[in-house]
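Every read-out reported here was derived from the displayed coordinates using simple, explicitly stated rules and does not represent laboratory data. Predicted model, so just to flag it, every value in this text is computed and none were measured. Cβ sites come from the backbone with ideal geometry, for glycine too, and all protein chains shown count toward neighbours.
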Amino acid sequence: MLARVWSASIVGIDAVKVGVEVDVSGGLPGIVILGLPDAAIQESKERVKATLKNAGFAFPMRKIVINLTPADLRKEGPCFDLPISVGILAASEQVSANLLGDYLFLGEVSLDGSLRPVAGVLPIAATAQEMGIAGLILPADNAQEAAVVKGLAVYGCKNLGEVVDLLNNPGLYKSVQLNELEKLPQTFYPGADLQDVKGQAHARRALEIAAAGGHNLIFVGPPGSGKTMLARRLPGILPPLEFAEALEVTRIHSVAGLLKNRGSLVRDRPFRSPHHSASGPSLVGGGSFPRPGEISLSHRGILFLDELTEFKRDVLEFLRQPLEDGCVTISRTRQSVMFPAQFTLVASTNPCPCGYYGDTIQQCTCSPRQREQYWAKLSGPLMDRIDLQVAVNRLKPEEITQQPTGETSLSVRERVLQARDRAIVRFQGESNLRCNAQIQSRHLQRWCKLNDASRILLEAAIKKLGLSARASDRILKVARTIADLAGDDHLKANHLAEAIQYRTIDRMQ
C-alpha cells in the first residue's frame, strides 16, 4: 500500500515542502530511502524500526521504499523521523490516512517513541501556512515556536502514540495557542547597566550615538581602560525589537538550532561575541548545507569583536560586503542561499602590540614598524565602514576610587528612543530604512543638507584626514544622528564637528 505524508526541509532560512512517499509491498524485508537523503536520514531506517516496535506498533516485515520529493533537493537532519514513521504506519494500515494530506509532520523520534525537538520550526511553520496546510504536528517542545504563526493549527505531541491517537481521533485534541503577551518583546534589557561605568564620558556619548543611529563603533585604548565593559552595555540602551524584527531574528536562530530552550520568540536584540580565533565560515556561515554564521546571528543586534587586531586579516575582510549590503550570500554548486545580516559592528582593540601607545603613565615599547604592522591587519575599506572611532583613555586615580555617577541605561535609552522616533518619521515612504546608518547616498542631499560653514568644515576634514567618499558620507550620517539626539531638524556645524572628531584612527595614521 502507498501512503504520502508531508514534511519540509530548510534551505537557508526558508523552507521547502517535502513529500514523504512510503510504499509497503512484497519482497525481501528492508528499507530503501530515495531522494538525496543525508547520513542522518539514512540512519533513521534503524531508528524508526526500533521506535515502532518499542512504541507498541507492528513493523511490517516487507519491502519498504521511501521516496522524498522533490528528488533533486538535498534533505538533511532527523526531522524526517516522524513523517517516515507515520508514513509506514499509514501504509501498513495501522493509522487512519484520512487526514494525512491536511497536516505537515516534523520531528525526531527516540527509540522509546518519544519526540525530540528539531531546528528550523518557525520558517517551516510559516511555509506551511503560506501553502494552505491546515495544521502542523511536531514535538511538544517546538509547539510554542510554531504557534507564533497565525492561521496555522499547531499540535504538540510528546510521543508517537499521541500522534497516532490524534490522527485517529482528531476531535479529542486542541491546537496550541500562544498568549498574545508572549509575543511582545521585553520593555527593557535586563543586562549590565551603563551606570556601572566610571568616567569615560566621551565613550558613553559614542555609545549613545551608536544606539540612536545604528552606527558601527570601535574603541581604541590601553588594557583595562574599560573598552569591553562599555561595549557590553550597548544592548541596554538599544530600542526593543519590534514584532516583525523579532520574527526575523527568531527565524535565523531557529534554523541555527538555538531555540530549543528559549521559548517562542527571541525578545532581546542579539549580542554575539565570537573569539578572535574564529574562521571566516564561522562568521559568514557555510557548510555543505549552508547555515547562518555569527554575522547573521547578530541580525538586528550587535556583533562584538573584542581584540579586533587579533583576528586574521582575511577573516576581517569577510565583514566588508555584509556591512555594506546587510546580507550574506553563500553560493554552492547546487544552490545559493541568502542570510540577512543587518547588524551593528562594535569592536575594541589596543593601540599597539604592547597596548600602551599614547598612554600617559606606561611607556610604549613598540617600534614604529611594529605599530605599522599591527594596524595593517585593518584595511582601509574596513575602517571606512566603521562610523565611530573612539579613543578610550586610562581612568584617573580619582575616577577609579569614586562611586559611579553617570546616567542609567534607562535614562540614555529614553533619548535613544526619541531620536529613533524622529528618524522613523523622516523615513516615511522608505520601508527599508530603520535607522540613520542605513541611509543611502541618494538620501544625503535630502536629509543631510549642509550650509556654507558646515561644507567648509567637512572639506577641510576630508583634506586633512584623507577621507574617502564613503568615510565622508558616514560622517554625515553620524551628524544626522547627533542632530536627532539634539532635537534639530537641520544639520549644524557643531553636529558635523562632533561627528568628525569620531575619526580617531584616521587621525592616528
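Principal axes first, then extents: for the Cα atoms of region 255-297, list largest minus smallest coordinate on each axis, whole Å, largest first.
Projected onto the principal axes, the Cα atoms of region 255-297 cover 30, 24, 14 Å.
Write down the Kirkwood hydrodynamic radius of the chain, to one decimal in angstroms, obtained as one divided by the mean of 1/r over all alpha carbon pairs. Before the final figure, lay out the partial values.
Details: mean 1/r = 0.0391 Å⁻¹.
About 25.5 Å, per the Kirkwood formula over Cα pairs.
Compute the length gained on full extension between Asp421 and Asp112: take 0.36 nm times their separation in residues and subtract their Cα-Cα distance, giving the result in nm to one decimal.
Working: separation 309, 0.36 × 309 = 111.24 nm, distance 5.39 nm.
Length gained between Asp421 and Asp112: 105.9 nm.
Any idea what the relative contact order of the chain is, in percent, if you count C-alpha pairs under 8 Å spaced at least 6 apart?
Numbers: 1011 pairs, mean separation 67.6, N = 509.
Reported relative contact order: 13 percent.
Give me the distance in nm between label points sitting 7 Å out from Cα along the Cα-to-Cβ direction at Leu2 and Glu324, one decimal.
That separation, rounded to one decimal, is 5.2 nm.
Taking the Cα-to-Cβ direction at Leu172 and at Gln362 and moving 7 Å from each Cα, how far apart do the two end points lie in nm?
7.1
So what's the back-of-envelope 222 nm ellipticity for the chain, counting only DSSP H runs of four-plus at -39500 (n - 2.57) apiece and dividing by all residues, rounded to 500?
Details: 22 runs with 193 residues, N = 509.
My calculation for the chain gives -10500 deg cm²/dmol from helical runs alone.
Just from the alpha-carbon atoms, what are the Rg and Dmax of region 30-139 in angstroms?
Cα-based Rg and Dmax for region 30-139 come out at 13.6, 38 Å.
Give the Rg (one decimal place) followed by the Dmax (whole number) of region 249-336, computed from C-alpha coordinates and expressed in Å.
Using the Cα atoms of region 249-336, the pair Rg, Dmax is 13.3, 38 Å.
If we count GluC sites (Glu not before Pro) as exposed when they sit in a DSSP loop and have at most 14 other beta carbons within 10 Å, what is the longest stretch of the chain that avoids them all? If you can, show how the numbers build up before the last one.
Numbers: sites that count: Glu93, Glu242, Glu307, Glu430.
Longest stretch, sites excluded: 94-241.
Could you quote the convex hull projected area for region 109-181, Cα atoms only and averaged over all directions, in nm²? Intermediate results must be reported in sequence, preceding the final value.
Working: hull surface 20.3 nm².
Mean projected area for region 109-181: 5.1 nm², to one decimal.
Report the Rg/Rh value for region 289-439, based on alpha-carbon coordinates and the Kirkwood definition of Rh. Display every interim value, and only then the final one.
On the way: Rg = 19.6 Å, Rh = 18.9 Å.
Using Cα coordinates only, the ratio equals 1.04.
In nm, give the distance between the simple-model label positions of Leu36 and Arg442, each being 7 Å from the Cα along the Cα-to-Cβ direction.
3.7
How much length is gained if the chain between Leu99 and Glu43 is pulled fully straight, taking 0.36 nm per residue apart and subtracting their Cα-Cα distance, in nm to one decimal? Mind dumping the intermediate values first?
Numbers: separation 56, 0.36 × 56 = 20.16 nm, distance 2.74 nm.
Going from the current span to full extension adds 17.4 nm.
What is the local net charge at Ser379, summed over the other residues whose Cβ is closer than 13 Å to its Cβ (Lys, Arg +1; Asp, Glu -1)? Each step should come with its number before you reach the end.
Details: positive: Lys312, Arg313, Arg320, Lys377, Arg385, Arg470; negative: Asp314, Glu317, Asp384.
Residues close to Ser379 contribute a combined charge of +3.
What are the radius of gyration and Dmax of region 92-231, computed over its Cα atoms and given in Å?
Answer for region 92-231, Rg first and Dmax second: 23.8, 74 Å.
Do you know the relative contact order of region 96-167, to the nearest whole percent, from alpha carbon pairs under 8 angstrom that are 6+ apart?
Working: 117 pairs, mean separation 24.7, N = 72.
It comes to 34 percent, rounded to a whole number.
Kindly count the pairs of lysines across region 62-190 whose alpha carbons are less than 24 Å apart, treating pairs on different chains or eight or more residues apart as eligible. Show your work: numbers first, answer last.
Values: Lys63/Lys75; Lys150/Lys158; Lys150/Lys174; Lys150/Lys183; Lys158/Lys174; Lys158/Lys183; Lys174/Lys183.
Eligible lysine pairs with Cα atoms under 24 Å apart amount to 7.
Which value results when the Cα radius of gyration for region 287-350 is divided by 2.2 N^0.38 Å?
Working: Rg = 12.6 Å, N = 64, 2.2 N^0.38 = 10.7 Å.
Compactness ratio reported: 1.18.
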